[in-house]
1. Residue farthest toward the positive end of the dipole of the stretch 70-163, with Cβ of Lys/Arg at +1 and Asp/Glu at -1: which of Pro141, Ala76, His159?
2. Loop-only chymotrypsin sites (Phe, Trp or Tyr not before Pro) in the stretch 61-169, please: DSSP not H, G, I, E or B, and at most 13 other Cβ atoms within 10 Å.
3. Sort all Cα-Cα distances of the stretch 70-163 into consecutive 5 angstrom bins from zero, then give the percent of pairs in each bin up to the one containing the longest distance.
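Bear in mind that the values in this text are calculations on the coordinates, not laboratory data. The model shown is predicted, which means the values in this text are computed figures rather than measured ones. Every residue, glycine among them, receives a Cβ derived from its backbone with ideal geometry; neighbour counts consider all protein chains shown.
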Amino acid sequence: MADQQPSGSGDRSHDHPPTNQSSSSAAVATTSEEGAAGGAESASSTISDLIGGEFVFDNLFAVVPLPWCEHLETVATLPSDGLDVSAPCVTCGDPSENWVCLHCYQVHCGRFVKEHMVRHGETTGHCLVLSYADLSVWCYPCEAYVHNETLLPAKRAAHLSKFGCLPGC
């Protein structure tokens, strides 16, 4: 069982490390007449021309969720009353950075609060959890984010609770 859980809305520095910009980078200057009309022939036409290759991109990476994992079969049917993204952690009562277990639908706080969802996963063997902060799904045994059609009912219910409408509204 993995003892890690990603953050919900907390620190995402591990997802998006900062880029370094050289102090010698020069800005492309245009007059207000040229800039608004797009008539500045000397202005860079692409972002790579603009930054002149002076950013270091070696530290950037995308977090790509798995399209499938063997634990998707453990996702239970949604409760009839849906989900409540404002629900506090059932263990400590903290209302911030909570996750819902997609097996039993208990709500627990994340690893940057008191790690109650991590402990829930360890003690129960429940694998998949949904972040109420960013609506991502984490699988403990796979140690990865997962996005699959099986998860859409839970994600839609959380979106409805969080934003008052279904995705795309």
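1. Of the options given, the answer is His159.
2. Phe61, Trp68
3. Binned Cα distances yield the sequence 3, 15, 29, 28, 19, 6, 0.
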